[in-house]
Amino acid sequence: MPTVNRLRRGLASLGCLALLMASGCSAFRDDSSSAAEAPVSTTSTIPRPSTELLSAGDTPRRTLRFDLGSEEVTLALTGDIDVTQSGSGEPLLVDLPPIRQRIKVTTTPLGGGTTKIDVVFEALSAAPTPTLSASERKTLDNMLATLVGLRGGGRIDDRGRITAMHYTPPDDLNDDLASVVEEMTAQISSLVAPLPAEPVGLGARWRSTTNVEVGGAAVPISTVFEITSIDGDTISYTSTSEGRARNLALKAPRTDPDTRLHLVDLRSTGRGSGTFSLTSLRSTSDTRSETTQRTEATGPDGTASADQRTVAHVTTGPVR
């Protein structure tokens, strides 16, 4: 049963850390890093999402563009996730408590429709819950504590597209957690909606498509936004998303490099609503998603498979 145990341990760890990814804790990456940045920074480009206008909505219509000024905003993010696994052996339920994050976001205009963003994770904590034992709660708290102080930054254009990101992990971040943090890219993207190029009005709908990295593999995610209210520079919306991937090779866990992971099938759906400002990152959002996947692990003692279902609920809003 060693291969089964390796697969379950790997999926259980991903389930725990999926909460951090779902709730927005991200790796901040930037292809434009310079010698002035700390040498421990991890850098990368972020693929721009494509947008397709589905309906321009009612008249009057206007071209929506972000015009972010110099500002410091503190945001609260709360994520709740349940992961159920089945396969060889008894089903496994990972029922995590809600994780609360507090992050400080600073915006600085650079001109030409580009804004520099700096982010600091100031606090992370698990909500009290009877589902965890004292030792499990301590393990989770210790994991979250290593992410306090995580710093990142990047650039966003006037259509809400993240063009470049970087992050600098705390000095005591362990290698295993760092490898997962490197793949977290949802934080800033979750604060704004990528805007269409065309003028739009109330009821407008557009589709945004981008690739999300999962275990080193690119999974396409498509999200349809619909404007439900326009009040000056404040836009309210609803969203529906879906993703699908099949037959992808995943990166082997650092703790078990001889194991080959294979994503057989993944399906993801989500619904949400929120409000964002064209002049500030004081956004709010409430999103629920469900993802099912089948994964295989092959090691020296054979191959095992497991099915996993992940249900997540994430809320974001400014600290009052």
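Structure summary
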| quantity | calculated |
| --- | --- |
| Cβ crowding within 10 Å averaged over residues, with 123-132, 191-200 ranked highest first | 191-200, 123-132 |
| Karplus-derived HN-Hα couplings along segment 65-76 (A = 6.51, B = -1.76, C = 1.60, θ = phi - 60°), whole Hz, x at Gly and Pro | 9, 6, 9, 7, x, 6, 7, 10, 10, 10, 10, 10 |
| Part-to-part distance (alpha-carbon centres) for segment 258-300 and segment 120-159, which is given in Å | 18 |
| Distant-in-sequence amide H partners of Thr129 (H built 1.01 Å from N, under 5 Å) | none |
| Packing-based order for 275-283, 216-224, using average beta carbon neighbours within 10 Å, highest first | 275-283, 216-224 |
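Quick note: the coordinates plus some simple rules give every number you see, no bench work behind them. Quantities reported herein were computed from a predicted structural model and do not represent experimental measurements. Cβ coordinates were reconstructed from backbone atoms using ideal geometry, including for glycine residues, and neighbour counts include every protein chain displayed.
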